[in-house]
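Have a look at the structure below before the remarks.
Derivation of every value follows stated rules applied to the coordinates shown; laboratory data play no part. Keep in mind it's a predicted model, so treat the numbers as computed, not measured. All Cβ positions, glycine included, derive from the backbone under ideal geometry; neighbour counts span all protein chains shown.
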There are 6 protein chains.
Amino acid sequence: MRKAYLVTVALFALAFSVASASDPAPLQDFCVALKDYSDKSAVFVNGKFCKDPKLVTADDFYFCGLNIPGNTYNKVGSNVTNVNVDTFPGLNTLGISLARIDFAPYGQNPPHTHPRGTEILVVLEGTLFVGFVTSNTDNRLFTKTLNKGDVFVFPVGLIHFQVNVGKTNAIAISGLSSQNAGAITIANAVFGSNPPITPDVLTKAFQLDKKVVEYLQKEF
Amino acid sequence: MRKAYLVTVALFALAFSVASASDPAPLQDFCVALKDYSDKSAVFVNGKFCKDPKLVTADDFYFCGLNIPGNTYNKVGSNVTNVNVDTFPGLNTLGISLARIDFAPYGQNPPHTHPRGTEILVVLEGTLFVGFVTSNTDNRLFTKTLNKGDVFVFPVGLIHFQVNVGKTNAIAISGLSSQNAGAITIANAVFGSNPPITPDVLTKAFQLDKKVVEYLQKEF
Amino acid sequence: MRKAYLVTVALFALAFSVASASDPAPLQDFCVALKDYSDKSAVFVNGKFCKDPKLVTADDFYFCGLNIPGNTYNKVGSNVTNVNVDTFPGLNTLGISLARIDFAPYGQNPPHTHPRGTEILVVLEGTLFVGFVTSNTDNRLFTKTLNKGDVFVFPVGLIHFQVNVGKTNAIAISGLSSQNAGAITIANAVFGSNPPITPDVLTKAFQLDKKVVEYLQKEF
Amino acid sequence: MRKAYLVTVALFALAFSVASASDPAPLQDFCVALKDYSDKSAVFVNGKFCKDPKLVTADDFYFCGLNIPGNTYNKVGSNVTNVNVDTFPGLNTLGISLARIDFAPYGQNPPHTHPRGTEILVVLEGTLFVGFVTSNTDNRLFTKTLNKGDVFVFPVGLIHFQVNVGKTNAIAISGLSSQNAGAITIANAVFGSNPPITPDVLTKAFQLDKKVVEYLQKEF
Amino acid sequence: MRKAYLVTVALFALAFSVASASDPAPLQDFCVALKDYSDKSAVFVNGKFCKDPKLVTADDFYFCGLNIPGNTYNKVGSNVTNVNVDTFPGLNTLGISLARIDFAPYGQNPPHTHPRGTEILVVLEGTLFVGFVTSNTDNRLFTKTLNKGDVFVFPVGLIHFQVNVGKTNAIAISGLSSQNAGAITIANAVFGSNPPITPDVLTKAFQLDKKVVEYLQKEF
Amino acid sequence: MRKAYLVTVALFALAFSVASASDPAPLQDFCVALKDYSDKSAVFVNGKFCKDPKLVTADDFYFCGLNIPGNTYNKVGSNVTNVNVDTFPGLNTLGISLARIDFAPYGQNPPHTHPRGTEILVVLEGTLFVGFVTSNTDNRLFTKTLNKGDVFVFPVGLIHFQVNVGKTNAIAISGLSSQNAGAITIANAVFGSNPPITPDVLTKAFQLDKKVVEYLQKEF
């Protein structure tokens, strides 16, 4: 029974680009991230080291390709293209980032959080069913069906999701309140961590049979 | 000569919705702005008073209409639709906002600053020529021509502009690092303030003939 | 099979008290939360309204009872006693809080996040196995077995857990970087939200049979 | 006509030292900027790298020369002496700076903004007419004539100016809410950027004849 | 011997106006403090409630009187005139304040801290000997003699002092990184608190004879 | 008389580990401090340089030894064990720290401030008399006697103390709102700075006979 189902069940691997409400403020006009410097020097700072401002050009503040649909041919049927400080060095110290999210028909951006950012999403194409859950102990669920031009906000750190409930592809753009808010896809982090969480912890936490937990851990 | 020109010269009246890199962080899951409360009570706080969380519904986190083109039939040929805390109460305390910018052919979003936010812009339709100028004393200009799917970032507080250099309409979406970053259209603020700035100040500052200054002050 | 297991499987209902790394700084010596004012007036602010400082006494900076063991007779075998701005008004504007966590033998504080705070934990009694998972796409798991006097830190927003791996009760104290960081118990928020998340979303996200999802939603 | 006027019209080249309301807080007693290190290494950070604290001396927290009048023999008849992190390394991480502003009779500190700071100004000598303009769409102008001992505040990011309306020199001291808030002299940034902004943009934005724009761009 | 000395020994009662490096950022152009509102309503917020922006005038951003010498005819021979949010409502949410410090010949601004702000001081008249002490366990003392036009910075929270070492009056202006940083005059807070600290605590802490402590507590 | 007393009077040398309400927020999951890098390179940043995240292990988030009583055999009869970014590199960028405080019978943690943090203290063993003094000009003293399980909060930057008023040892744990808030023991900083503060300053400030000041400066 489960097997049959799993054929259509999805693996998701999205890295969301979001933005925290409280990135440290910039102390100069700009501080473009110095690519690969930390990789070579093995020294890091909060955020990124910056390029010599005399060498900065307009291209440092420019990113291209957000018009290209992401590949949604995966288990969850969605794809996130991040425009954060890792892919767009000009954002360093500026406290903001973007993402494009593509959804195949009935695809979803499964439940996840952004540990360092609030997300404001606008639908460009299609129809999305979206929601977030508040923290303990209420765990209230707020949901809405969004069409083209509709906007929704997911407060920092709360679990949220977006599902394409239409028969066509859907596209959304998200603004995020940090240069690198991170994303935690709940199922992946819980069942697919590296190394895996001891099954005993998860069987109790999720009230699942140990075999189911071990099965899930193999899948993720 | 001037007169002939002015027929096509534009007055602009856009209120941009941007986002500062350093809005205070939220101290609860959400704090939806309480509409009209300050108007009635004549008491205000930094940001907005908030609605009783028990009365909050999904609609408080929802805004619609960003699919509707703004009216660009004005002197600058552009229009900004703000999705900030004034129009979207759910953003209160969350440090982020959005805007849609429409451009008529050859329309522009004239030089302006956001006093409390960095702006990250993505082009949805058309071709924009964009740029920003760094602070004194370098005043370096960084410019780029953007096409569909291209992204650019305008650091907090710096003067920037966007011009539609194509023959068709253009559309952009901006993510902004504050719930209410404000916008200052330079020409409007300088020549169109209420009341006007003493012409003597502006003649010296802008090295313009007093008559030109007075003429401009009438126009804006 | 599942039934047999569930006898020992736990429901958890803990509300963690944590602290964000970036609460807004205080603008006066103290701003003790004004209890019940918002409840009566239905008006709220980011954080809490404050008591007249002339009426503040030493008792406003005092909380008692953290010596009392929490009741761990529940499905997860743990209990969190929060000392945050909701239970201790003197913390308002001060960016810090505490919690006491009690664990029955083999009890656990199941996977959860604090949307607005980092947690630093010290073990007072017993032996805890603790861990956290980093964000996408690495989802690295860092774990450690802690004994009396050992300290561990869980960075803001990341999923973490603590398990009593000893035969005796365990006790921990956590310092948290916000006056009200919130806690999101993953299993509760995902399977126990109010109202429930559409089962279709969860079956796909967690790769679970729909019946299992519906079963879990009844349990949480 | 214009020519005659321009003899007394001024070019201004002031770099204001201001301070943002939200510089990141210090994480140690002090972090004195390490002069020239970034120039040599071509590596930068948000703010400045810091000197070995063991090598820091009292001179690192000391700046001299604010008693020396600035040279106001220029087109705007004013001069700003900055005491910010670039000239006074001890300010690094401390979120504050100072400036001395000298005014020749009828000289002015022309319309400008500080992208990263609020300015509080006190008049030491003379009589200043000062003002600032609020953001769109109100663009309200607030002005005041200040005499010796009078204080005025210019909120972060708003366009403001100071004019010596007396027959004698005037002197002011400004406290600023960032270690390096930057200054943007509007006319310079708009008409004197390097390279120049396309005249077409400015003719439309400022409703000026293209020849006037090109004339101004040569002047600035 | 002590008696003879005490005739010239000073009691000091200065309330310094300083500014923290991390006041929350403003969320609108301005938020002028609403005078007396909290006194009447007995309800407070972090910072101050704000006046209806429509009723705000230029006078709200204006303070006068910093040209008037403070009365230094007191035991320490100094006087601080604060221009902070309590005396100048326009500063609310703006993260900066000023103070004027007057010194009689040989007067001092005795050892004190600003719990919420860094101070940058410029000497207008006279000669000051100034210093600050770093935190534990080094407790390094940095000192400098300042003349007219000299500037010094006292990092947030560190104990510092200023002494007029000249035969004439001295005047200084300080910029401070908060709208209300507070000041703690060490001797007053320790020996003159209300009610007094138990003498036993102070005898041990300061290694003073209990009679000396009790004597000091009467004096302060 | 004094001599007899001094036999039991204490010298204190505690370096408190506290936490500021406003440490800059993290811009990545973690940024573990790179030990000794600054010592070797003589280059520093606000906070600490960080270790290559690929080399980080669970041990970087782990500190042991808080179960070990500190040595209180000193003049004040207390001892502070800091768990801050200097001793626990995993705390870097995370805005929180801990401390254990041990008290001999009648020992005290003498009056001190934390320049960059609020402290929340919980008593584990014994009975403490604690208090803090507000800033000028009220200097109100708030005190409380705490027993096992009692909690008290000391707002950022205010002078506070803890005294063991019981016949047995006392133990407390403090959570602090910065990775490195620093501590300033008042008596040490004032009378024991290196080099010493000119006795003339202290005689006037503390209304003490110069010989007493010089005596104290020898002691501390």
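Here the stretch E:141-220 is treated with +1 on each Lys and Arg Cβ and -1 on each Asp and Glu Cβ, and its dipole about the Cα centre works out to around 180 debye.
Restricting the chymotrypsin sites (Phe, Trp or Tyr not before Pro) of the stretch C:32-118 to loop positions (DSSP other than H, G, I, E, B) with no more than 14 neighbouring Cβ atoms within 10 Å leaves C:TYR73. Where does the charge balance sit around A:GLY182 when Lys and Arg score +1, Asp and Glu -1, over other residues with C-beta under 13 Å from its C-beta? So the surrounding residues net to -3.
Comment: the Cα-to-Cβ extended label point of A:LEU55, at 7 Å, lies 2.3, 2.3, 5.7, 5.7, 6.2 nm from its counterparts in the other copies, nearest first.
Taking Cα atoms only, the orientation of helix F:210-219 departs from the longest principal axis of chain F by about 40 degrees. Near C:GLN162, the amide H atoms lying under 5 Å from its own belong to C:ASN109; only residues 5 or more places off or on other chains count, and H is placed 1.01 Å from N. With contacts taken as Cα pairs under 8 Å and at least 6 residues apart, the stretch A:100-220 reaches a relative contact order of 34 percent.
Here the Gaussian network model covers chain F, with springs between Cα atoms less than 10 Å apart; of F:VAL190, F:VAL85, F:VAL32, F:VAL190 fluctuates the most. Among D:LEU124, D:LEU66, D:LEU141, which one moves the most in a GNM of chain D with springs linking Cα atoms closer than 10 Å? Sorting by GNM fluctuation, first place goes to D:LEU141. Using Cβ point charges alone (K and R +1, D and E -1), the dipole size of the stretch B:29-166 about the Cα centre works out to roughly 200 debye.
Here the calculated FRET efficiency for C:ASN74 and E:THR137, from their Cβ-Cβ distance with R0 = 51 Å, stands at 0.65, rounded to the nearest 0.05.
Near F:GLY131, within a Cβ-to-Cβ distance under 12 Å, what is the net charge of the other residues, with Lys and Arg +1 and Asp and Glu -1? After counting each charged neighbour, the total is +2.
The P(r) of the stretch C:57-117 has a tail past 12 Å containing 72 percent of all C-alpha pairs. Pairs of alpha carbons in the protein assembly as shown separated by more than 45 Å make up 36% of all such pairs. Remark: relative contact order (the stretch C:40-92) = 39 percent; criterion is Cα-Cα distance under 8 angstrom and separation of 6 or more residues.
Counting only helical runs of four or more DSSP H residues, what would the 222 nm mean residue ellipticity of chain C come to if each run contributes -39,500 (n - 2.57) and the total is spread over all its residues? After summing the helix terms and dividing by residue count, I get -4000 deg cm²/dmol.
Chain A gives an Rg/Rh value of 1.01, both radii derived from C-alpha positions and Rh following Kirkwood.
Between the C-alpha center of the stretch F:61-113 and that of the stretch E:83-134 there is a gap of 33 Å. Over the C-alpha atoms of the stretch C:100-220, the Rg to Rh ratio, Rh being the Kirkwood estimate, stands at 1.02.
Pick from E:LEU55, E:LEU34, E:LEU128: which is most flexible by mean-square fluctuation in a GNM of chain E where alpha carbon atoms under 10 Å apart are linked? Ranking E:LEU55, E:LEU34, E:LEU128 by mean-square fluctuation puts E:LEU55 first. Taken as Cα centroids, the stretch F:145-204 and the stretch B:135-154 sit 51 Å apart, rounded to the nearest whole angstrom.
Grab the beta carbon distance between A:ASP36 and B:THR145, set R0 = 30 Å, and tell me the FRET efficiency rounded to 0.05. Efficiency for this residue pair is about 0.65.
Backbone geometry of the stretch F:61-72 corresponds, through the Karplus equation with coefficients 6.51, -1.76 and 1.60 at θ = phi - 60°, to 3J(HN,Hα) couplings of 9, 10, 9, 10, x, 6, 7, 8, x, x, 7, 9 Hz, x marking Gly and Pro. Its relative contact order, with pairs defined as Cα atoms under 8 Å and 6+ residues apart, puts chain C at 26 percent. When the Cα convex hull of the stretch F:27-92 is projected onto planes of every orientation, the mean area is 6.4 nm². For the stretch E:108-174, the fraction of C-alpha pairs farther apart than 17 angstrom is 37 percent. Database remark: amide H of F:CYS50 closer than 5 angstrom to the amide H of A:PHE44, A:VAL45, F:LEU34 (H placed geometrically; neighbours at sequence offset of 5 or more, or on other chains; Pro and chain starts carry no H). A dipole drawn for the stretch A:77-192 from +1 and -1 charges on Cβ atoms has a positive end, and of A:GLY192, A:GLN162, A:LEU176 the residue lying farthest that way is A:GLN162. Residues whose amide H falls under 5 Å from that of A:GLN28, counting only those 5 or more places apart or on a different chain, are D:GLY47, with hydrogens built in the peptide plane. Spacing of the modelled spin labels on E:ASN169 and C:GLU214, each 7 Å from Cα toward Cβ, amounts to 8.7 nm.
Charged neighbours of F:LYS148, selected by a Cβ distance under 13 Å, balance to -1 (K, R count +1; D, E count -1).
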